[in-house]
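Read through the structure below, which is laid out as structure tokens, and then see the notes.
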Amino acid sequence: MATGGYVGKILYVNLTDGRIEEIETSKYEQFGGGHGMGSALFWDLVEDKTVDGYHPDNLITMMTSPLSGTLVPSASGRTECNFIGLIAYPIGWYTRSNFGGRFSGELKYAGWDGIAIQGKSETPVWINIANDKVTIEDATDLWGLDTYETQEEIWSTVSKGNTDDGTWYGVGTGRDSGRTLQKPAVATIGKAGENLNRNACILHDAGNAAGQGGLGGVFGSKNLKAVSVIGTGSVEIADPAALIAARKEFQDKFAYNVDAPEMESPVPNFPAYGAITLSPGFGPLYLPTHVPSRPQGCIGCYKNCRRRLSTGVSNEDQCVESLFFINGSNQIDQNKATDLLDKAGLNVYDVFNHSYLYALNQMGIMGPGMEIESSLPFEKYGTIEFMEAYVDCIINRTDIGADLAEGMARAAKKWGRWEIDTASGLLDRPNWGFCQHYEPRLEVEWSYGSILGDRDINEHGLNFYVHWHSIIRGMVGQEPAISAEDMVNLIAEGTGVGDPMGWDYSEEGIYGDPKVQAISWHRHYTRFWKQSLAFCDWAWPNFINFNSADGDMSGASPEFEVRFYNAVTGKSLTWEEGLEIGHKIWTLDKAIWTLQGRHRDLEVFADYVYDVPTEAPDGLPMFIDGKWEYNAGLGRTLDRDKFEDFKTRFYANEGWDTATGWPTRATLEALDLGYVADELESNGKLGA
Amino acid sequence: MADIDKKESVAKAGVSRREFFTGVGGLGVGAVLGGALLKGILLPDEVLAIPASEGYLLVDTKKCGGCQTCMLTCSLAHYGRENTTLSRIQVVQNSFAKFPDDLSIDQCRQCPYPSCVDACPTGAMHADPTTGARMVDEEKCIGCERCVNACPFTPSRVQWNHEDQHAQKCDLCKNTPFWSEEGGADGKQACVEMCPMHAITFTKDIPVQTDSGYETNLRNSHWGHLGFPVDDAGEKMPG
């Protein structure tokens, strides 16, 4: 029986034998939704959890949350995907990636809380979901189309042309199945996925991608071109009036007022300032928009981070996608390069390091007749022509693209460069072969979370405060809007951890016991509130209110997450109970990684993190000589022994074996995961 | 269904009221009279006209963020459940298209001469006696969908509510049992209240009966400061 927020069933599709079945959501409701439900499904449905990501038994879950498709701000539009990944190095860990847009809402309106896809089709197919009617369709004619072309074809097919002329169309055969004006929400692969690239993504609409992990390659390995969904059903809300009132109150108190902002960038057309103010159109970060545009958001968003442009090129792109060709001489070419990725379905974060390849060329190592043979036009580096050749070679597996399609880490390994270049930092890939995102020697909830997990965590909830705030203010000549001390106090209070020293990024602070608590909180928080309930990473949590009208900078979290969740579901969950579910999900994931071969000895960073001092200034809060300050953290290296000691204390805190990092039976049973302990034990991998 | 069978339901004998309404394209007598509130105008087939609505939703499509918050709010306030297809205001967009032609906001015009009201054989579709808002008396609706098909706009602003089995359209939030605010032409409208981009507004003046009459520029200098256009056409970079 579904409660508010859930629609009651999960779709299971087996592409090997064509089975289409329903799974009752209630069986997995204890995990919240999204990632938690996905991991629980994975545990139940994948017998051998050590299979390779390309194996037909690999399970893709595309899950919503009870908040999907609802008015809960910036929690309605994310779809969380779990699967055995392709890109992590040296082992393709069981991993996750989520994407925004409309897919999650349409899936709920169609009557599904999620999708689980297993098996492998003999021929190219796409999955067509129209309310409760689910069919596996022939995708022969779609194979070879780019991600945009594929979506347009499916829109027209599903709507029978109605989305072309803007008329209502029926989803089903009679009027009682409902009509819609909305286009089907389609998640698809491009050529990169078809060619089984480890760095392929899936794309939905113009710029929503699930990229890290190589989900596009997993789709391709199953001969799955796309999943389309359109729905006309309803999502029940336990307390509608409370939800509307909470949304209104939240928006009035904490959102950026577009007509009369409380805080505004002193520099016009500077999207990155939105890291502080939450202003719309934040997506392109440092790139001012050169042509007229609108903000564009996922369903239910109150921020609307992205933009659609009058050129139609680079629509809805954001973050590192927008910065892919940051060295381009003009924004027209920069946007073109970004569109190349979108249409090919290539994950920007693995191919972001084209400057590394250029460095190898300049070092006389890569190029015609050189140690690493390549005919890429390095003489045109910095032009769109180079970027076109670069992307083309990867998606078609030609030239060095044959290696790069396996991911930058595996390519560097094949070239004999991995060890030397990650030791020097020339190739700055600190954890599991993923590109450095933020400074791993300083902003340690990012790096520790990544190495203790499965990927670059890509969790900005604290990062916008501790990293971006002071840097962005400095970029426009402003002092911080809040002192370092006040910042960490608000974070400590909002998280519930209580001790502000958990957010001390000083030489001592990054190894301390308070940091253990802060990292633990972060892992549990993100696993539940963010990745299972699908609160957007770019909007939540909200610990500091820079849009305050009355000077009170206290943020919305955790009060509003709890209010929203309970208004939707009718439950009475507390913040702390959510964190405990996060602990459960995090530990379940750890059990899967353990079966895949994880041991604490593997949870170490690339050598440059330990051996090469930082050179670029950061701006993190640090407690130095008895006082809080924002500090650049120059000259920092991570100490191997101290980090190992940190790991020992962290494992103990999580209830994991300190010698191996494996979960123990006592912990698993306390989390109601005794069946997981049984399987670990039968595989000789239960923590002592 | 829906718009597809619209033409077949229109009477063709002489100049019907619907043809009159559609023929004036929305220009209508309301505009001719300069926006005065109409309480009884004689139409070509000598039927007393319907009181004008005392409120209208205006939108700035160039300010819209496409988040569909208005739709989620509309569905929730009226029905207590979320369903974008049950929203009486519809945002329709194409991710790949060029701004500003990538998006439309399709809201009811509360037409001065409402074809939907005229087409209803039971009086279910009516003008609210106190505010003039064109509304559906759900108890009287027999599901013939003449109102749906009579709407002169594409897409039709009147919808078939397939879950509750009646026609529906924007009532300016007159009947919002799941919203704690007072709605209607004399109250608040949920979509206006909740739009995070402040791209929807409400007016009591009858708009000029063209598409542009319901399109307004709600963008000020702060919008321009964010790098978005503030000119009416949305064609110029600010500054």
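Give me the percent relative contact order of the range A:68-117, please, defined on Cα pairs under 8 angstrom at least 6 residues apart.
Answer for the range A:68-117 is 37 percent.
How big is D for the range A:303-404, in µm² s⁻¹ as a whole number, if Stokes-Einstein is applied with the Kirkwood radius of its Cα pairs at 20 °C and 1.002 mPa s?
151 µm²/s
Using θ = phi - 60° and the Karplus form 6.51 cos²θ - 1.76 cosθ + 1.60, what ³J(HN,Hα) does each residue of the range A:346-352 get, whole Hz, x for Gly and Pro?
Those phi angles translate into 10, 6, 4, 6, 8, 9, 5 Hz.
Once you place label points 7 Å from the Cα toward the Cβ at A:T135 and B:E181, how far apart are they in nm?
Going by the 7 Å Cα→Cβ label model, 4.4 nm.
For the residues A:F103, A:F282, A:F560, what sequence is obtained by ranking on other C-beta atoms within 10 Å, fewest first?
Ascending number of Cβ neighbours within 10 Å: A:F560, A:F282, A:F103.
For the range A:447-459, just list the computed ³J(HN,Hα) in residue order, Karplus coefficients 6.51, -1.76 and 1.60, θ = phi - 60°, integers in Hz, with x standing in for Gly and Pro.
6, 4, x, 6, 6, 7, x, 10, 6, 5, 5, 6, 10
Give the order of A:E406, A:E106 when sorted by the count of other beta carbons within 10 angstrom, beginning with the fewest.
Lowest to highest Cβ neighbour count: A:E406, A:E106.
Quick check for me: using +1 on Lys/Arg Cβ and -1 on Asp/Glu Cβ, what's the dipole size of the range A:67-156 about its Cα centre, in debye to the nearest 20?
540 debye
Quick query: amide H of B:F202 versus all other amide H atoms, modeled in the peptide plane; which residues come in under 5 Å with a sequence gap of 5 or more or a different chain?
Result for B:F202 returns B:L58.
Taking 0.36 nm per intervening residue step and subtracting the Cα-Cα distance, what contour gain separates A:E576 from A:V51 on full extension?
So the extension gain works out to 185.5 nm.
Expressed in nm to one decimal, what extension gain is obtained for the pair A:Q30 and A:E493 from 0.36 nm per residue of sequence separation less their Cα-Cα distance?
Full extension from A:Q30 to A:E493 adds 164.0 nm.
A:R308's amide H: which non-local residues (gap 5+, or another chain) put their own amide H closer than 5 Å, with H modeled 1.01 Å from N in plane and none for Pro or chain starts?
A:R294, A:Q296, A:E316
Step through the residues of the range B:87-103 one at a time and calculate ³J(HN,Hα) from phi using the Karplus curve (6.51 cos²θ - 1.76 cosθ + 1.60, θ = phi - 60°), rounding each to whole Hz and writing x for Gly and Pro.
Running phi through 6.51 cos²θ - 1.76 cosθ + 1.60 with θ = phi - 60° gives 6, 8, 10, 10, 9, 10, 9, 10, 4, 8, 7, 8, 4, x, 8, 8, 7 Hz.
Please list log₁₀ I(q)/I(0) at q = 0.14, 0.17, 0.21 Å⁻¹ for the range A:1-144, using the Debye equation with identical point scatterers on the alpha-carbon positions.
Here log10 of I(q) over I(0) equals -0.66, -0.97, -1.37.
Over the whole of A:273-285, what's the average partner chain Cβ count within 10 Å per residue? Rounded to a whole number, please.
Per residue, the number of nearby Cβ atoms from other chains is 2 on average.
Pop the C-beta distance of A:S483 and B:T154 into the FRET formula with R0 = 35 Å and round what comes out to the nearest 0.05.
Rounded to the nearest 0.05, the efficiency is 0.05.
How high is the relative contact order of chain A, in percent, counting Cα pairs under 8 Å that sit 6 or more residues apart?
Value for chain A: 14 percent.
Compute the orientation-averaged projected area for the range B:101-239 from the convex hull of its Cα atoms and round it to one decimal in nm².
9.9 nm²
Using every pair of alpha-carbon atoms in the protein assembly as shown, split the distances into 20 Å bins beginning at 0 and state the percent of pairs per bin, rounded to integers.
Reading upward from the zero bin: 14, 47, 31, 7, 0.
So if the hydrodynamic radius of the range A:1-58 is defined as the Kirkwood radius over C-alpha pairs, what does Stokes-Einstein give as its diffusion coefficient at 37 °C and 0.692 mPa s, in µm² per second?
260 µm²/s
By counting other Cβ atoms within 10 Å of each Cβ, how are A:E679, A:E485, B:E139 ranked from fewest to most?
Exposure proxy ranking, most exposed first: B:E139, A:E485, A:E679.
Each reported figure results from applying straightforward, stated rules to the coordinates on display, with no laboratory input. Note that the structure is a prediction, hence the values are computed from the model and not measured. Virtual Cβ from ideal backbone geometry, glycine too; neighbours counted across all protein chains shown.
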